[in-house]
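Worksheet: the structure to be examined is printed underneath.
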Amino acid sequence: MPAGLEVRGLCKRFGGIVVADAMELDLAPGRIVGLIGPNGAGKTSFFNLVTGVVRPDGGRVSLDGRALTGLHIHQRARLGLSRTWQNLRLFPSLSVLDNLLIGARVYPGESLPALIAGPGRLRRAEAADRTQALDILERMGLAGVAHTDVASVPFGQQKLVGVARALMNEPRCLLLDEPMAGVEGHAYEAIQDVVRRLAARGIAVCVVEHNVAFIRDLCDEGVFMFAGKVLARGSVEDLIADPRLTELYFGT
Amino acid sequence: MLSPLILIQILWTSLATSSCFVLFALAFALVLKVNRIFNFAQAAVMTTAFYAAYTVVGLASGPGWAGLLAGVAGAVAMSAVLELFGFRALRRRQASSMFVFIFTLIVSELISYVAMLIYGTWPATIFPSLFWPVTLVGTIAVSQWDLMALGGTAVVLAATFAFLRWSRTGQSMTAVADNPDLAEFYGIARDRVFLAAMLLSGLIAGFSMFLYGTRAQVQPGSAIELLLFAVAATIIGGIGNLAGAVVAAFVLAIIQNGSVLFIPSEWQGFLLYAFLFLAIVLFPRGVRLPQRKRLVRRTPAPALGPAES
Amino acid sequence: MEYLYTLAILMALYVILAASFNFVIGYGGLISIAHPVFYAIGAYASALLARDAGWPIPLAIVAGALVALLASILVAVPSVRISGDYLLIASIGFQLGVLEAIKNIGWTGGAGGLTNIPALLAPGSNHAIYVALTIAVAIATVVLLRWISRGPYGRAMSAMRDDELAFAALGRNALAMKVAIFALGSGLAGLAGGLYAHYFRFLAPGQFDILQSAALLTMVVVGGLRSTWGPILGAIVLEALPQAITFLDLPPSLLGPLQGILFTGLVLIFMFARPQGLIPAGDIWRGRKAMATDARRA
């Protein structure tokens, strides 16, 4: 049984723009893959297609051998596919801790009938989630702001919250969309640290990032995307050194 | 068995009757497209138009043209008040679309109560009689009202579409409807365009309400019922599509009037909502607010050899 | 005295309606105007089951609420898939269509109304019992909805309103939640309908028209969207104030329009002078409250 994320022949066009052109990509468990390429290469679209935000024109996606094609966004998440967003998309009216609680693999308070039928059982499940969430926050150095409105914590910490929230469902595959943009200092280290530990636990990680130094430090390998295709795959150093890729990246 | 003559007669009468409804729908669809408001206060505009014309002609025995003038002026004034003191203030405050929607509902109710207080609840007509001179064309009875209504509607439709297409203000309306922010960026003053759309809509609604009131009895609450037809036609025709709303209103009005041949008359009203419901279930994609157009950007294909690894 | 009882019952019923409508449009963020139609469906279903099918009245009332709940699911399932204004449009169509059907079907009494609905109270009994019953149901409704919107479900509703896409990408089923919220709100409206039918014993389609929608929307929005007390206050104030002038002893031809003008005028004044509602919603899902809960836990 193939493990990790497997993408075969993924296609998507928006009018005249091709964002995925028979795209093929495997993300193996425990590996950190950096996705690089110029703006408009289709990196974020790839995340959107894999997570079900955008419906592909064709192709297959599977996670740990289970086909994801045709499933809703929330069904994919429940199978262990987790992501962060370029623009964070936190829930501004909730506290940091509550933001995390929403992300549990099974959210007991989601079903109205279950809520009315068995409030006690829900309370116990919720307590377990709370412990897990506080644990994640502790590890990421966010314990101090757990009960603060997420909208009022500094941007760097919000970035961390975005990652922390994506960890709540104990993902099998984690897609990070520009986790470093606008981040410096402590958060920079913290995110690297968290991602490495995830990979060590056998989670497949894919990072879209413009910060090449970050990709080089963190990723086991790099994938160069252009116009909806994987053009090259290899060590990040080799990709950066390739003059043709550099020209595509900075040219046009 | 129906004789073809009766069929033609019914078709003709339905055609003439549909004219008012086509304009009600046009006025509603215009504001929905440009201002993006489900403007139920159009009922208030229509009520104002009717009672202004009724006051001049029915109560003060003025001439018909003065009634038409009063009706249209009343409608345009009411539209201006709505935009300047209602929608504009709500827009400044960035009120939610639901808040604006409630505002329009409440205004139309308020005006109908005011009309009730002043004119009572009895049905009224603009002219004392609803009967119009009839000429026989072949064997088809053609009333003067039919000709006036169809002619007037044709003129208003043509003028409106010409205005939207060729006048500067009309073009600005289309631009704002497509993308208000971008239009502002190009120097089109949004507030003025919104006001223009409301005035134009008021003009159309006032004229059509005058036509309607010369042919049928009107009560303070009638306009809301009439407007619901326009809402249904606009939804079926595709939101943001004026021509679609006009065609839908036209077809629906003809079917509704013509259906008297096939189904019991008390079910005529239900037919409209049956269509509305079918449209909602069958063409859900056809009925949504116009989306902002995406910026189109093409990426040239790379001239790169096989990927290395 | 009877008049005051009637007023109290109406207020209690409107509290149920406003609170459940607030749950749908405020907490659920689902824009619909069809709440009075579910009130009507509950009322008609309960009245017909009791009158024509001979069901015991309490059972008929509960069944009426369930019928309203099921009908609301039928409306919601196709509509909430498509976001935004679509449910509003579907709800307008549904409201008009159902009322038009009631007007034309023989066994609903048609436009003239449904009469001879059996009363829940035995003749000659004290009407205060019914007042107590409706107030009890109103309180239970408010407490239930407040409890739901403050627990984990409320947290999820808050997140869903904030960002539906991010919510779904965390594994939460937003569609199912919206349908459930709509169904519970509409079911409660149906319950109010049954309670109405077996006290006033007369139903007509005009009692549930688009003006009723406007009145309910107003109670919720003027009262204060997403606050517990706002819609309650809105329901009571907007139901009571127009009644107050009935004591002025005006001729009916003036009284009706004046009440209407008073109601709509008040609403317009509130909308412009106090857009946040009579009682603005405190954001329950803010950190401070959560901190307090956790402090207690620790």
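Annotation: aspartates and glutamates with alpha-carbon distance below 14 angstrom to A:Lys12 (same-chain offsets under eight excluded): A:Asp21, A:Glu24, A:Asp57.
Rounded to the nearest 20 debye, the dipole size of the stretch A:93-170 about its Cα centre is 100 debye, using +1 on the Cβ of Lys and Arg and -1 on the Cβ of Asp and Glu. Going from the residue with the fewest nearby Cβ atoms within 10 Å to the one with the most, B:Ser112, A:Ser152 rank A:Ser152, B:Ser112. Taking only the Cα atoms of the stretch A:202-252, the ratio Rg/Rh comes out at 0.96, with Rh defined as the Kirkwood radius. Rg ratio for the protein assembly as shown: its Cα radius of gyration over 2.2 N^0.38 Å, N being its residue count, equals 1.08. The ellipsoid equivalent to the alpha-carbon distribution of the stretch B:87-167 has semi-axes of 38, 25, 9 angstrom, derived from the gyration tensor eigenvalues as √(5λ) and listed largest first.
Could you check how many percent of all C-alpha pairs in the stretch B:1-103 are farther apart than 22 Å? Summing the P(r) tail past 22 Å for the stretch B:1-103 gives 49 percent.
Given C-alpha coordinates of the stretch C:2-207, what is the ratio Rg to Rh with the Kirkwood estimate of Rh? Could you put the intermediate results ahead of the total?
On the way: Rg = 17.6 Å, Rh = 17.5 Å.
That ratio is 1.01, to two decimals.
Label 7 Å along Cα→Cβ of C:Leu4; the stretch C:231-263 residues with amide nitrogen under 15 Å? Backbone N within reach: C:244, C:247.
Treating each Cα of the stretch C:46-142 as an identical point scatterer and summing with the Debye formula, the log10 of I(q)/I(0) at q = 0.18, 0.24 Å⁻¹ comes to -1.07, -1.23. With kT/(6 pi eta Rh) evaluated at 25 °C and eta = 0.890 mPa s, and Rh the Kirkwood radius from Cα pairs, the stretch B:91-136 diffuses with a coefficient of 173 µm²/s according to Stokes-Einstein. With the convex hull drawn over the C-alpha atoms of the stretch C:130-273, the volume per residue is 145 Å³. Once the gyration tensor of the Cα atoms in the stretch A:93-170 is diagonalised, the equivalent ellipsoid follows with semi-axes of 24, 12, 10 Å, ordered largest first. Taking the Cβ of C:Ala215 as the center, what net charge do the other residues with Cβ under 11 Å away carry, scoring Lys and Arg +1 and Asp and Glu -1? Residues close to C:Ala215 contribute a combined charge of -3.
Debye-formula intensities of the stretch A:111-224, expressed as log10 I(q)/I(0) at q = 0.11, 0.14, 0.15, 0.18 Å⁻¹, are -0.43, -0.65, -0.73, -0.95 (one equal scatterer per alpha-carbon, no solvent). Bridging of C:Lys103 to aspartates and glutamates at a Cα separation below 20 Å is possible for B:Glu225, B:Glu266, C:Asp52, C:Asp209, once same-chain residues fewer than 8 apart are set aside.
Counting partner chain Cβ atoms within 10 Å of every residue's Cβ in A:82-95, what's the average?
Working: counts 3, 3, 2, 4, 0, 1, 2, 8, 4, 12, 5, 10, 10, 9.
Going residue by residue through A:82-95 and averaging, the value is 5.
Calculated translational diffusion coefficient of the stretch A:37-99 (37 °C, 0.692 mPa s; Stokes-Einstein with Kirkwood radius over alpha-carbon pairs) equals 246 µm²/s. Percent antiparallel among DSSP beta bridges with both residues in chain A, to the nearest 5? Given both bridge residues lie in chain A, the antiparallel proportion sits at roughly 55 percent.
What value does the stretch B:4-286 have for Rg/Rh, both radii from Cα atoms and Rh as Kirkwood defines it?
Numbers: Rg = 18.8 Å, Rh = 19.4 Å.
Result for the stretch B:4-286 is an Rg/Rh of 0.97.
Within a straight-line Cα-Cα reach of under 17 Å, B:Lys33 can be paired with the following aspartates and glutamates, leaving aside sequence neighbours fewer than 8 residues apart in one chain: B:Glu83, B:Asp178, B:Asp181, B:Glu184, B:Asp191, C:Asp85.
Multiplying each eigenvalue of the alpha-carbon gyration tensor of the stretch C:2-43 by 5 and taking the square root yields semi-axes of 24, 12, 6 Å, largest first, rounded to whole angstroms.
DSSP bridge analysis restricted to the protein assembly as shown gives an antiparallel fraction near 60%, rounded to the nearest 5.
So for the stretch A:1-79, what percent of the C-alpha to C-alpha distances run longer than 19 Å? Before the final figure, lay out each step's value.
On the way: 1050 of 3081 pairs.
Above the 19 Å cut-off, the stretch A:1-79 has 34 percent of its Cα pairs.
The stretch B:10-77 and the stretch C:1-75 have Cα centres lying 37 Å from one another. Just to confirm my numbers, what's the Cα centroid distance between the stretch C:146-175 and the stretch C:208-240 in Å? Here the two parts' Cα centres lie 24 Å apart.
Can you tell me the relative contact order of chain B? Whole percent, Cα pairs under 8 Å, sequence separation 6 or more. It would help to have the intermediate numbers written out before the result.
Numbers: 421 pairs, mean separation 100.2, N = 309.
Computed over chain B, the figure is 32 percent.
Which residues does the label zone of B:Ala243 cover in the stretch B:123-166, counting backbone N under 20 Å from a point 7 Å along Cα→Cβ? Only B:153-166 fall inside the zone, counting backbone N under 20 Å. Length, then width, then depth: along the principal axes, the Cα atoms of the stretch B:220-273 run 34, 28, 13 Å. Across peptide A:222-235, the average count of Cβ atoms from other chains found within 10 Å of a residue's Cβ is 3.
When only C-alpha pairs under 8 Å and at least 6 residues apart count, what is the relative contact order of the stretch B:1-144, in percent? All intermediate terms of the calculation are to be shown ahead of the outcome.
Values: 112 pairs, mean separation 40.5, N = 144.
So the answer I get is 28 percent.
Projected onto its three principal axes, the C-alpha set of chain A covers 60, 41, 35 Å, listed from the longest axis down. Taking 0.36 nm per residue of separation and subtracting the Cα-Cα distance, full extension of the segment from B:Ser96 to B:Ser61 would add 8.1 nm.
At 4 °C and 1.567 mPa s, what whole-number value in µm²/s does Stokes-Einstein give for the translational diffusion of the stretch B:146-263, with Rh from the Kirkwood sum over Cα pairs? Intermediate values should be presented prior to the final figure.
Numbers: Rh = 16.1 Å.
The Stokes-Einstein estimate is 80 µm²/s.
Fewest-first ordering of C:Phe247, C:Phe202, C:Phe270 by other beta carbons within 10 Å of each residue's beta carbon gives C:Phe247, C:Phe202, C:Phe270.
Taking every alpha-carbon pair under 8 Å whose residues sit at least 6 apart, the stretch C:126-251 reaches a relative contact order of 14 percent. Most tightly packed first, judged by the mean number of other beta-carbon atoms within 10 Å of their residues, the peptides A:6-12, B:30-36 read B:30-36, A:6-12.
Read-outs throughout are calculated quantities, based only on the coordinates presented, and are distinct from any laboratory measurement. This structure is a prediction, so every number in the text was calculated from the model and none was measured. No Cβ is skipped: glycine too gets one built from the backbone with ideal geometry, and neighbour counts run over all protein chains shown.
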